[in-house]
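Below is the structure I would like to discuss, written out as structure tokens.
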Amino acid sequence: MKQLRSRFRRLRCWLVASVLALASLLAVLASGFLWFDHTRSAQEASARLLADALAFSEYVTATLQASNVVLEMTRRDIERSADNQAFSEAALHELFQRNLSIVSASGTEVLPNSLVFVDASGHLFANSLTLPIERRDLSDLEYFKHHRAQSSAATWLSPLYVSHSTGLKIFVLSQRLQDHQGAFQGVLAITLRARYFEEYFKPLRLVPGQTITLLRTDGKPLFRYPAMEGFENTDVRHELSLRSMLSTGRGNDVRTSPYDGKLRRIGYVTGSQYPTLAMVSQLESDVFHDWRQRAWMMAGFMFGGLGALGLLFWFAWAQIGQVELAIDERRKALEELSVTESQLLQAEKLALLGRSVAVFAHDIGGPIGNAKVTITTLMDRAATLRKELNAGALRKSQLDDFVATATDAGDLVFGNLNRAANLLDDFKQTAMDQATSQPRLIELAPWLEQLAHSLSPQFVGTRIRLQLQAEPGLWLETLPGPLGQVISNLVNNARLHAFDETCEGVIRLEAAASAEGIRLSVSDDGKGMSEAVQARIFEPFFTTRAGSGGTGLGLHIVQTLVEQTLGGKLSVDSQPGAGSRFIVSLPSGKSVSA
């Protein structure tokens with residue numbers, strides 16, 4: 001008796017240790033999933049922002065190149081004619097308009113605003129907009145000061161400023177004009193309006209909280225969308241890590257924005273030909289909005305699992321206490337029957353162990369193992385990816401592969417937590433369908449129509465269509481519950497196995513009279529099955545989607561329902577690449593014609 005009590009104590013200790021181990025495992029799995037999901041969300045946002053910044057930078061470079069072509073063309077025209085005669089204001093106006101029309105005819109999306117010529121004294125001499133012009137003094141503008149002080153003929157990109165004449169926000173590309181002796185003759189400039197860039201971005205659907213900013217590499221402003229009041233007066237050379245950004249050329253960063261004081265995730269790219277820095281940013285709180293929702297869901301599942309473990313622990317503990325009480329009550333009788341005592345103790349031990357195994361096998365079986373393997377695999381992939389990232393050898397294709405793997409792993413972990421429950425439901429459904437039930441007479445066409453309607457939500461978001469074709473006036477005396485499960489399982493099997501995720505297809509549900517009685521068929525135009533798969537398709541636990549949530553019991557249950565519960569026959573006809581057709585033949589004794 002003392003030895004038995006000692007065993008019960010050990011069993012209680014083992015029970016407590018098992019529950020704590022399972023709870024710890026559940027917490028570790030949930031924490032691991034949230035950590036990896038958080039990392040994946042950050043990586044996806046960083047990749048998206050960097051891609052947007054690269055596209056914007058390429059767009060800006062193309063626009064500046066088109067404008068620079070006009071500058072070069074106009075400068076060469078002026079320098080070729082400088083030896084023969086000086087250009088008048090009218091001649092320059094005509095030359096500017098002609099060269100700008102070339103850009104307009106090329107289809108450039110952001111057109112230059114105007115061409116201007118500022119003479120050596122800093123006064124506006126000619127432009128492409130008006131004739132004659134007011135000879136305003138522009139010697140205070142940065143681009144004029146730069147070219148007057150520098151002898152270089154390189155193109156200069158000015159920061160954003162407000163135009164003296166129009167009041168619009170513009171920035172300019174400019175070149176120095178000089179004679180053959182190198183004497184300063186003036187500045188030729190082409191202006192670009194910021195609002196043209198704004199019109200380009202207005203049709204685009206930006207993520208809430210996202211901003212697009214273009215700076216010179218010295219931190220002075222060029223463009224920002226959405227527009228910000230006073231942006232042209234900002235200078236962030238000391239507030240952003242410009243040196244780090246310029247040294248890397250492109251990348252991501254997380255820092256407080258100098259414009260709105262909010263923490264933002266940034267994707268940045270420096271210009272390939274011009275001193276520009278394109279940045280696309282998003283509020284860091286918005287980056288993890290979806291992740292926080294998933295985290296709350298995971299917390300709910302985790303606490304639900306812990307609650308289930310608590311109930312199981314309480315039940316097992318109560319069972320052990322009841323067994324101990326029963327053994328105490330029978331102690332005197334067991335002492336008098338020494339031979340029976342040994343047998344009874346062994347039986348109680350086996351019964352107790354059997355109940356315990358039945359209780360905990362459901363939680364520590366295959367689904368938990370599959371989930372652990374999935375997380376371990378994902379951790380290995382993440383480590384490999386981090387090595388590639390640290391080594392600077394990370395490619396976009398590797399990142400895309402990792403994102404796809406992480407998404408699949410999340411689905412597998414989530415699916416495996418429900419897999420054991422689904423298995424139990426399938427077994428319970430098989431037992432319930434074999435129970436005695438009263439058949440009833442149904443009209444097939446409207447009954448199938450209602451069943452097809454209940455199945456329609458499965459096809460939302462897919463390119464698969466469910467078509468119904470049933471002869472009118474067919475009546476059948478049958479068990480509606482099992483028959484509905486047969487058709488639902490066949491349709492669901494076709495939806496999951498006959499088509500790839502992005503494929504378009506049709507599943508046909510047909511009902512017609514036959515020589516035997518009623519023939520129901522579920523067919524598809526999917527990828528079909530090989531002979532080897534067809535030979536094992538009705539075996540229990542056989543599935544072609546191992547590791548993807550398939551239990552391998554669906555078609556076995558269908559066969560059991562058709563042949564044992566409904567008294568019919570089930571057959572399949574399939575060829576690889578030609579689709580599959582499942583035929584349910586019900587005996588004529590259970591059908592009537594209207």
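So that you can scan it fast, the table gives a plain yes or no per residue for (1) aliphatic (A, V, I, L, M); (2) over 21 Å from Val118 (Cβ atoms); (3) open to solvent by 10 Å² or more (accessible area, probe 1.4 Å); (4) modelled with pLDDT of 90 or more:
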site	(1), (2), (3), (4)
Phe171	no, no, no, no
Ala183	yes, no, yes, no
Leu188	yes, no, no, yes
Arg195	no, yes, yes, no
Glu199	no, yes, yes, no
Pro208	no, yes, yes, no
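Could you please give the count of residues in region 155-169 that are open to solvent by 60 Å² or more (accessible area, probe 1.4 Å) and part of a loop (DSSP other than H, G, I, E, B)?
The total comes to 3.
Let's see how each residue does on (1) in a helix (DSSP H, G or I); (2) surrounded by 13 or more Cβ atoms within 10 Å (Cβ to Cβ); (3) aliphatic (A, V, I, L, M):
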residue: Gln438; (1), (2), (3): no, no, no
residue: Ile442; (1), (2), (3): no, yes, yes
residue: Leu448; (1), (2), (3): yes, yes, yes
residue: Leu455; (1), (2), (3): yes, yes, yes
residue: Gly461; (1), (2), (3): no, no, no
residue: Pro472; (1), (2), (3): no, no, no
residue: Trp475; (1), (2), (3): no, yes, no
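Filtering region 208-231 down to residues that are in contact with a Lys or Arg (Cβ under 8 Å, 6 or more places away or on another chain) and of a type in the set (A, V, I, L, M, F, W, C), which residue is farthest from Gly167 (Cα to Cα)?
Once the filter is applied, the top-ranked residue is Ile212.
Oh, and also: Among (1) among the aliphatic types (A, V, I, L, M); (2) at pLDDT below 55; (3) in contact with a strand residue (DSSP E or B) (Cβ under 7 Å, 6 or more places away or on another chain), there is one condition Ile442 misses while meeting the rest; what is its number?
Every listed condition holds for Ile442 apart from (2).
Run Pro132 past the list (1) exposed (fewer than 14 other Cβ atoms within 10 Å of the Cβ); (2) free of Cβ contacts under 8 Å to residues at least 40 places away in the same chain; (3) of a type outside the set (D, E, K, R) and report the number of the one that doesn't hold.
Of the numbered conditions (1) exposed (fewer than 14 other Cβ atoms within 10 Å of the Cβ); (2) free of Cβ contacts under 8 Å to residues at least 40 places away in the same chain; (3) of a type outside the set (D, E, K, R), the odd one out for Pro132 is (2).
Looking only at region 546-569, decide whether some residue is in a strand (DSSP E or B), of a type in the set (A, V, I, L, M, F, W, C) and at pLDDT below 80. I'd like the intermediate steps shown before the answer.
Residues of region 546-569 that are in a strand (DSSP E or B), as a first pass: 569.
Subsequent filtering for residues that are of a type in the set (A, V, I, L, M, F, W, C) retains none.
For region 546-569, residues in a strand (DSSP E or B), of a type in the set (A, V, I, L, M, F, W, C) and at pLDDT below 80: absent.
Show me the strands (runs of 3 or more DSSP E) entirely contained within region 217-315 in which 1 or more residues are of a type in the set (A, V, I, L, M, F, W, C) and under 27 Å from the mean Cα position of the chain (by Cα). So that I can check it myself, show each step before the final result.
On the way: elements: 221-225, 250-256, 263-270, 276-283.
Here the list reads 250-256, 263-270, 276-283.
Pairs needed: first member in region 286-312, open to solvent by less than 40 Å² (accessible area, probe 1.4 Å); second member anywhere, of a type in the set (S, T, N, Q); C-beta distance under 7 Å; at least 6 residues apart or different chains.
Close Cβ pairs (under 7 Å, with a partner that is of a type in the set (S, T, N, Q)) amount to Val287/Ser41; Phe288/Ser41.
The values are calculated or read from the model by the stated rules, or taken from the named source; none is laboratory data. Just so it is clear, the structure is predicted and the values come from calculations on it, not from any experiment. Every residue, glycine among them, receives a Cβ derived from its backbone with ideal geometry; neighbour counts consider all protein chains shown. When the accessible area is computed, the model is the full protein with side chains, heavy atoms only, and any ligands, DNA or RNA have been set aside. Shrake-Rupley method; radii C 1.70, N 1.55, O 1.52, S 1.80 Å.
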